[in-house]
1. Taking the alpha-carbon distance from LYS294 and a cut-off under 13 Å, which aspartates and glutamates remain once sequence neighbours fewer than 8 residues away in the same chain are dropped?
2. Rounded to whole Hz and in sequence order, give me ³J(HN,Hα) for segment 38-43 from the Karplus expression 6.51 cos²θ - 1.76 cosθ + 1.60, θ = phi - 60°, writing x for Gly and Pro.
3. Which of GLN381, GLN22, GLN37 moves most in a GNM of the chain, Cα contacts under 10 Å?
4. Using the crude model of +1 on Lys and Arg Cβ and -1 on Asp and Glu Cβ, and no other charge, please compute the dipole size for segment 177-325 relative to its Cα centre, in debye to 20.
5. Please identify, among GLY155, GLY125, GLY163, the residue showing maximal mean-square fluctuation in a Gaussian network model of the chain using a 10 angstrom Cα cutoff.
6. Please state the shape class of the chain: rounded when a/c is under 1.5, otherwise prolate if a/b exceeds b/c and oblate if not, all from the C-alpha gyration tensor.
7. Relative contact order for segment 1-114: what is it in percent, counting Cα pairs under 8 Å that are at least 6 residues apart?
8. Compactness ratio of segment 261-317: Cα Rg over 2.2 N^0.38 Å, N = residue count?
Amino acid sequence: MNIENIISSLEAKHPGEKEYIQAVREVLLTIEDVYNQHPEFEKAKILERIVEPDRIFTFKVPWVDDKGEIQINLGYRIQFNNAIGPYKGGLRFHSTVTPSILKFLGFEQTFKNALTTLPMGGAKGGSDFDPHGKSDTEVMHFCQAFMLELWRNIGSKTDVPAGDIGVGGREIGYMYGMYKKLARENAGVLTGKDMEIGGSLIRPEATGFGGLYFVKQMLETAGETIKGKTIALSGFGNVAWGAALKANEMGAKVVTISGSKGYVYDENGISGEKIEYMLEMRSKGISLAEFAEKYGAKYFHGEKPWGVKVDIALPGATQNELDGEDAAKLIKNGVICVAELSNMGCTPEAIDLFIENKILYGPGKAANAGGVATSGLEMTQNAMHLSWTEAEVDAKLKQIMSDIHCQCVKYGTGPDGYINYMKGANVAGFLKVAKAMLIQGVI
Ligand code: 2IT
């Protein structure tokens, strides 16, 4: 395979889409050996086909704000690959949403979903609409307008969206209500729903819980334990909340959370009431500085949490939030494990440094797959018209994270015993999707 040829032809078709190219390049570099062992993949042009989305919907979302003014946003759904199951992946509502961001996310989602062992293809979507600072009525109007256009292209057996940044239970509820009104069916086309409308227990916590189950296994495989370790978390949304809950339960100490403008350092650990307060902060617009003041912690404006001395770093906010300089600081301070709870949280420079220094590095497609895996479990419950208990869902989530860990170990263990989780996750995810594509011919 000629990686540079594939990348340059992709760049020509998608000019300037750097996040998308970054995600593709990472996968291609790590699967090269395996790909070259399968001439049938090359003959079927699997790589050239797998890097392109199946189709992209772009649409206008006009809506009226509280002042009576008309607002126009752009909406997207990228159906990336359905070789192993219906398209599946979240919707992101944030001002930074572009086709490049959604293509990188859809590409990653395809491999992540393959790793979960559940039959789900990859997709992503969203809008440049930002719910923060909008009234509840404005959010409802936007969600309804968004679904008015999207509904024709999704379905419980074809494409099942969920939440991502800026899309939580509230947004899913408004979109689901509109979908049902238009489609006149009740099969649970969105996941991440509230319990009252067919959601699954543990779904809100799942990305964080799954991430910590994965981290625990990484540490144990390396002869370490999670108990007593200190953790730097970034973000303070749903993912960071779930991660903080599980980290405390496992006996670790979370010392940071962060936002786009700065971070909080709490030497006493973010536990108990402080974790629940994180949820309130979003809905009530409370700042991290106020959080720090309320709990006697320190707030550092304009800085990222990666300069703090910790054993474990869990980027949980957004893409490329941890760069080479940050990685160097963490390594200097003795970090032993870094796992991405966000998608593509680390830059390529940061990843190279972690791997060179034999740090346990868990890529997002493995470490944060618990979220979409539990979405898959929500789909199953909806299809069976029943609701599993918390213990049932949690046991299945644990099993899935353990299976993902096994796949990473199988394909990522090097001759010296160091597990390259990025390589393991990419190879395992790729093989599953590539084989499924091969079986189904040129479509
Ligand atoms: O990045 C992700 O895996 C998600 N935003 C969750 C997707 C889903 O369908 O639950």
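Just so you know, all these numbers are worked out from the coordinates, no wet-lab data involved. Nothing here was measured: the structure is a model prediction, and the numbers come from that model. Here Cβ is always computed from backbone atoms with ideal geometry, including for glycine, and neighbour counts include all displayed protein chains.
1. Counting by Cα, and skipping residues close in sequence, LYS294 has these aspartates and glutamates nearby: ASP266, GLU273.
2. Those phi angles translate into 10, x, 5, 5, 4, 4 Hz.
3. Maximum fluctuation in the GNM of the chain, among the listed residues, is at GLN37.
4. My answer is approximately 380 debye.
5. So, out of GLY155, GLY125, GLY163, the one fluctuating most is GLY155.
6. Rounded.
7. 29
8. 1.11
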